[in-house]
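One structure is given here, and the rest of the page talks about it.
The values are calculated or read from the model by the stated rules, or taken from the named source; none is laboratory data. In this text, all values refer to a predicted model and were calculated from it rather than measured experimentally. Cβ atoms come from the backbone with ideal geometry, glycine included; neighbour counts cover every protein chain shown.
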Amino acid sequence: MNFTTSSFFKAFQRKTVLAIFGFILAAGAWASDAPRVKFDTSLGSFTVELNAEKAPKSVANFLKYVEDKQYDNTIFHRVIPGFMAQGGGFGKDMQQKSTRAPIDNESKNGLRNVTGSIAMARTSDPNSATSQFFINFVDNKMLDYPSPDGVGYAVFGKVIEGMDVVNKMATIPTGMGSNGMGDVPRTPIVVNSARVMTTTEK
């Protein structure tokens, strides 16, 4: 079959457009397949999208706790305006919840502690993260690998809806808790439930 320059160019254009369109559809499908968890709290609801590709251990760990309803009736027990809000470890009675074994730190995955990102909380031991997590109110570059201790804090997702609700946490006055913990909201910020969203909900 013979092609003129014009007909060849048009055919090439059609193929290119179709290829680009196919890529966009594939990208959209990947994004919709990313696990999402909706938190219903005493301040309203927010949704986080998890990056299982770059943080597989952290995401699997987090989703297991969600499945087990570990986060239901817990509180954000540590809130520091201009920094972050931490939750996932204490009930409304300020009693620490039991957890599974710690997971490996995934801070080298390339995800950053930017505004709205969700990361694993831990002790000075890099591989001590269990159920607790935190949400960054602002860009906290000092938490990225290798800062502040040569390891950093592992980000595994981001808030995609309800960041206004997350920001409300920073407006609640804080003080010393009954267990001697600091930066505890005076009015409890309660997680009523945390649930994995279905495909239709996305």
Test result for L43, surrounded by 10 or more Cβ atoms within 10 Å (Cβ to Cβ), farther than 26 Å from G177 by Cβ and modelled with pLDDT of 95 or more: no
So M181, is it outside any strand (DSSP E or B), modelled with pLDDT under 95 and farther than 22 Å from D68 by Cβ: yes
So G91, is it in the same structural domain as V184 (by TED's automatic domain parsing), over 18 Å from V196 (Cα atoms), of a type in the set (G, A, S) and in contact with a strand residue (DSSP E or B) (Cβ under 9 Å, 6 or more places away or on another chain): yes
Scope the stretch 120-149; condition under 18 Å from K57 (Cα atoms), of a type in the set (S, T, N, Q) and crowded, with 21+ Cβ neighbours inside 10 Å; matching residues: T130, S131, Q132
Single match in G89, G82, G152, G110 (criterion: at positive phi and buried (at least 18 other Cβ atoms within 10 Å of the Cβ)): G152
Among residues of the stretch 116-169, those that are within 17 Å of the chain's Cα centre (by Cα) and either part of a strand (DSSP E or B) or at pLDDT below 95 (or both), counted: 16
Search result, residues across the stretch 83-113 that are farther than 13 Å from A129 by Cα and either part of a strand (DSSP E or B) or under 18 Å from the mean Cα position of the chain (by Cα) (or both): F83, M84, A85, F90, G91, Q96, K108, N109, G110, L111, R112, N113
